[in-house]
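Visitor: One structure follows; several queries about it will come next.
The values are calculated or read from the model by the stated rules, or taken from the named source; none is laboratory data. Fair warning: this is a prediction, and the values are worked out from it, not measured in the lab. Cβ coordinates were reconstructed from backbone atoms using ideal geometry, including for glycine residues, and neighbour counts include every protein chain displayed.
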Amino acid sequence: MEKYHVGGCVRDKLLGLPVKDYDWVVVGATPEQMQAAGYRPVGRDFPVFLHPETHEEHALARTERKTGPGYTGFTFHAAPDVTLEEDLARRDLTINALAETQTGEIIDPFGGQQDLKDRLLRHVSPAFIEDPVRILRVARFAARFAELGFRVADETRVLMQQMVDNGEVDALVPERVWQETLRALQENRPEVFFEVLRDCGALAKLFPEIERLYGVPQPEEHHPEIDTGVHTMLVLQQAVKLSDDPAVRFAALVHDLGKGVTPEAELPAHIDHEERGVPLVEALCDRYKIPNEFRELAVMVTRYHLHYHRAGELNDKTLLKTLESLDAFRRPERFEQFLLACEADSRGRPGYEERVFDQPRIMREAFAAANAIEAGPFVEQGLQGKAIAEAVHRARLNAIKQVRRAA
């Protein structure tokens with residue numbers, strides 16, 4: 001039995017990055033031998049075991065064979081005669097097909113160390129084309145390592161395009177698409193994930209609502225970048241700077257989907273794009289079974305982001321109604337998420353990235369004034385039921401008037 005560190009832990013160590021998890025491959029062992037040594041089996045599809053003390057994952061060396069469409073269409077073979085190189089050969093990228101002995105020797109049968117130096121994301125073998133999840137993984141790694149200068153190798157991009165053309169992407173299950181997208185949204189450069197998908201044609205298949213935004217013009221006086229797709233990626237970049245919350249980043253990503261279906265005769269204006277965008281956001285969330293916390297925030301940002309941008313122009317009643325529609329008094333934490341996503345929208349334009357906007361202050365001050373109103377005093381006055389709600393509403397409106405006049 002021989003054990004090797006493999007995959008991301010070796011890659012990140014060579015890149016000088018912190019290593020979060022250590023994965024092991026075990027060569028020359030049977031499941032029975034692993035259990036006899038105290039390892040606990042956890043793998044459903046193939047033999048994976050947890051070390052009895054460190055709880056680190058130890059997988060038996062295995063090979064895989066394509067037997068059907070999609071990423072589930074594989075059979076695995078794990079046996080003592082499977083070599084380390086055979087196990088590494090089934091991995092997606094050369095930089096992930098690295099191993100390290102317990103004495104620190106690097107085993108690199110596919111040139112992963114050179115690709116680390118060259119900052120290349122390159123497939124290990126032609127078998128890459130058999131698993132559509134690898135398109136998402138390459139895009140995610142491109143987002144993760146963009147700041148280090150990594151790019152997708154030309155020959156790998158060609159394979160990804162072939163996979164899209166061959167319909168492999170159509171076999172992806174919704175949960176896996178969202179899983180990889182969520183992980184990408186938590187990287188420092190999530191826009192690269194979508195750019196790589198677009199470059200190989202997968203964006204049009206997986207996120208047609210986002211693909212449609214490219215080439216759609218906006219009024220140049222408000223949007224120097226003009227192109228709505230470009231604007232969307234700039235907004236996502238700004239969301240990253242403002243928040244590490246993936247829900248905020250997702251809302252920023254989808255807030256303008258309605259502009260993709262603006263009637264051509266109305267361009268470059270986008271009248272009512274907020275309401276047109278809501279069903280598109282809801283359909284996207286349905287398709288990928290996106291959690292409600294993401295969905296609800298994304299719908300609110302889509303529907304009310306122009307209310308935010310016009311906060312200084314809204315009359316007091318409309319401003320209070322907007323706060324009520326956002327459910328800000330019951331969900332103040334989500335109200336803050338809303339403000340961050342909308343601020344990213346303001347900043348996601350060339351020349352506006354560092355500008356200080358009044359809208360966050362206006363909405364926060366109005367919310368704080370209105371939120372300070374409590375129902376208790378009205379109950380003490382003897383009011384009941386609907387009368388209490390009406391009195392609170394009037395008091396909140398008056399509080400907003402006072403704070404706005406003071407400003």
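Visitor: Restricting attention to segment 253-273, does a residue exist that is closer than 20 Å to ARG176 by Cα and part of a helix (DSSP H, G or I)?
Guide: Initially, segment 253-273 is screened for residues closer than 20 Å to ARG176 by Cα, giving 253-254.
Right, trim to part of a helix (DSSP H, G or I) and you get 253-254.
Yes.
Visitor: Of the residues PHE150, PHE193, which is of a type in the set (Phe, Trp, Tyr) and under 24 Å from HIS231 (Cβ atoms)?
Guide: PHE193
Visitor: Report yes if VAL169 is modelled with pLDDT under 95 and of a type in the set (A, V, I, L, M, F, W, C), otherwise no. Break it down into steps so the answer makes sense when it comes.
Guide: On the way: modelled with pLDDT under 95: yes; of a type in the set (A, V, I, L, M, F, W, C): yes.
Yes, satisfied.
Visitor: Turning to a different aspect of this structure: Out of ASN292, ASN371, ASN315, which single residue is surrounded by 15 or more Cβ atoms within 10 Å (Cβ to Cβ) and of a type in the set (S, T, N, Q)?
Guide: Details: ASN292 fails: surrounded by 15 or more Cβ atoms within 10 Å (Cβ to Cβ); ASN315 fails: surrounded by 15 or more Cβ atoms within 10 Å (Cβ to Cβ).
The unique qualifying residue is ASN371.
Visitor: Same structure again: Can you name the helices (runs of 4 or more DSSP H) wholly within segment 318-407 that have at least 2 residues being under 28 Å from the mean Cα position of the chain (by Cα) and in contact (Cβ under 8 Å) with a residue 12 or more places away in the chain?
Guide: Result: 332-347, 359-371.
Visitor: With in contact with an Asp or Glu (Cβ under 8 Å, 6 or more places away or on another chain) and over 20 Å from VAL177 (Cα atoms) as the only criterion, which of VAL124, VAL138, VAL152 stands out?
Guide: VAL124
Visitor: Tell me the helices (runs of 4 or more DSSP H) entirely within segment 131-205 that contain at least 3 residues that are basic (Lys, Arg) and surrounded by 16 or more Cβ atoms within 10 Å (Cβ to Cβ).
Guide: Because the criterion is at least 3 residues that are basic (Lys, Arg) and surrounded by 16 or more Cβ atoms within 10 Å (Cβ to Cβ), the helices (runs of 4 or more DSSP H) in segment 131-205 that meet it are 133-144.
Visitor: Just a yes or no: is a residue in segment 66-75 at positive phi and either touching a residue at least 60 places away in the same chain (Cβ under 8 Å) or buried (at least 20 other Cβ atoms within 10 Å of the Cβ) (or both)?
Guide: Yes: segment 66-75 contains one or more residues that are at positive phi and either touching a residue at least 60 places away in the same chain (Cβ under 8 Å) or buried (at least 20 other Cβ atoms within 10 Å of the Cβ) (or both).
Visitor: While we're looking at this one, here's another question. Quick one: which strands (runs of 3 or more DSSP E) lie wholly within segment 36-105 and hold at least 1 residues that are at pLDDT 80 or above and of a type in the set (D, E, K, R)?
Guide: 57-60, 62-66
Visitor: With the requirement that a residue be over 14 Å from PHE207 (Cα atoms), crowded, with 20+ Cβ neighbours inside 10 Å and out of contact with any Leu (no Cβ under 8 Å at 6 or more places or on another chain), what does segment 256-289 give you?
Guide: Within segment 256-289, THR262, HIS270, HIS273 qualify.
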